[in-house]
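Notes to accompany the following structure.
The values are calculated or read from the model by the stated rules, or taken from the named source; none is laboratory data. Here the structure is a predicted model, which is why all the values come from computation and not from measurement. FYI the Cβ positions are ideal-geometry reconstructions off the backbone, even for glycines, and counts take in every protein chain you see. Accessible surface is based on the protein model in full, side chains and every heavy atom, while ligands, DNA and RNA are left aside. Shrake-Rupley method; radii C 1.70, N 1.55, O 1.52, S 1.80 Å.
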Amino acid sequence: MTAPRLRDVAQLAGVHPATASRALNPQTRQQVNADTARRVLRAAESIGYQPNPIARSLKTARTGTVGLVIPDLTNPLFPPIVRGIEDVLTPAGYNAWIVNTDNDPQREEAQVEALRSRQVEGLIVATARRTHPLLARLHRQGVKMVLVNRRVDGLELPSVTADDDAGIGLAVAHLVGLGHTRIAHLAGPQHTSTGVSRARAFRHALIDHGLPDDPALTVECGYWSESEGARGLRRLLDGGRAFTAVVAGNDLIALGCYDVFAERGMTCPDDVSVVGFNEMPYLDKMRPPLTTVAIPHYEIGAEAGRLLLDTIDEPDRYPRSVLLAPSLVVRASTTPAPCDAASR
């Protein structure tokens, strides 16, 4: 039994095969009368016809696919971003190939080349480092790209990020309002734009509130991970400088603090208040529930999808960046500072 063909759909719908082809393609469907398009779609469904994307791409030089380059699929930050991307791309007739790089530059390059071999029409990249030779080379080669949640120094690429300055400002203002004056920062990796921007915003926020910017109270974490957050807090505690609160570079780093509290017999927030960044799922189930800066993950993904469609349709358009506002979610991991200012 042979698979249904385009001419079978056209014959059943009573139209020319070219009309049936346009009606079945979301990118050209608007060129066909709405009643005719519905008739073609019903005909295709009734006989189980599936368009051949390979044949279509040979005719149009377009594959209707894009690549999503993700650094760590186990990080809860990314699923809602991916959902937002797909919810924009799918109605426009695009499918997404998702690859995971494990933050490994060699794996990333291999995965990107695999995507390009499949003739994807563009890339949405969440792995960007501040200096990123691969992306610089792809940009010179004319590959259409959008950066999500990151930026690259010196590259004019469309990007969608949360407003890190505003988010860190909300976290510091919240702690200052609770009477904290010795606030530490567990910074994200400084080879990433988010790590740098949040650390810079932290210093500026301290100055804005008239608090001392003590470099000994900022520790860089090598990765956006729970284990690095634990390592960073141990270093702070062993450094001997008093502090009553921690602003973490992200929620995973903040959760690493919880591990150290358990190790050392400390309690949060009585000994140390903690604020995270990102609003991962299930933070309200932690003990104590984590106060955090919420960023609009789904909206970031949706906007990245829209930017990539714009870039594909208008390749000469000047790249634009979108900054989305965060909000503060206050939970039980923050409390007024202890009366003894020297306590931790």
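Brief remarks follow.
- Condition met for Phe277 (in a strand (DSSP E or B) and touching a strand residue (DSSP E or B) at 6+ places or on another chain (Cβ under 6 Å)): yes
- Total residues in the stretch 24-46 satisfying the condition of being part of a helix (DSSP H, G or I), open to solvent by less than 60 Å² (accessible area, probe 1.4 Å) and modelled with pLDDT under 90: the figure is 1.
- Test result for Glu303, part of a helix (DSSP H, G or I), open to solvent by 10 Å² or more (accessible area, probe 1.4 Å), touching a strand residue (DSSP E or B) at 6+ places or on another chain (Cβ under 8 Å) and farther than 15 Å from Ala184 by Cα: yes
- Test set (1) free of Cβ contacts under 8 Å to residues at least 24 places away in the same chain; (2) open to solvent by 20 Å² or more (accessible area, probe 1.4 Å); (3) part of a helix (DSSP H, G or I) - Pro212 fails condition number: (3)
- On the stretch given as the stretch 188-209, residues that are in contact with a Phe, Trp or Tyr (Cβ under 9 Å, 6 or more places away or on another chain), in contact (Cβ under 8 Å) with a residue 60 or more places away in the chain and in a helix (DSSP H, G or I) total 1.
- Checking each residue in the stretch 287-296 for being in contact with a helix residue (DSSP H, G or I) (Cβ under 8 Å, 6 or more places away or on another chain) and open to solvent by less than 20 Å² (accessible area, probe 1.4 Å) picks out Leu290, Thr291, Thr292, Val293, Ile295.
- Restricting the stretch 264-286 to residues that are closer than 19 Å to Glu228 by Cα and among the charged types (D, E, K, R), the residue that is surrounded by the most Cβ atoms within 10 Å (Cβ to Cβ) is Glu279.
- The set of residues from the stretch 310-328 being β-branched (Val, Ile, Thr) and either outside any strand (DSSP E or B) or surrounded by fewer than 13 Cβ atoms within 10 Å (Cβ to Cβ) (or both) comprises Thr311, Ile312.
- Pairs where the first residue, in the stretch 231-243, is in contact (Cβ under 8 Å) with a residue 60 or more places away in the chain and more than 10 Å from Cys221 (Cβ to Cβ) and the second is among the aliphatic types (A, V, I, L, M) and assigned to a helix (DSSP H, G or I), C-beta under 8 Å, 6+ apart: Leu237/Val260; Phe243/Leu217; Phe243/Leu236
- Hey, Glu86 open to solvent by less than 60 Å² (accessible area, probe 1.4 Å), within 28 Å of Pro281 (Cα to Cα) and of a type in the set (D, E, K, R) or not: no
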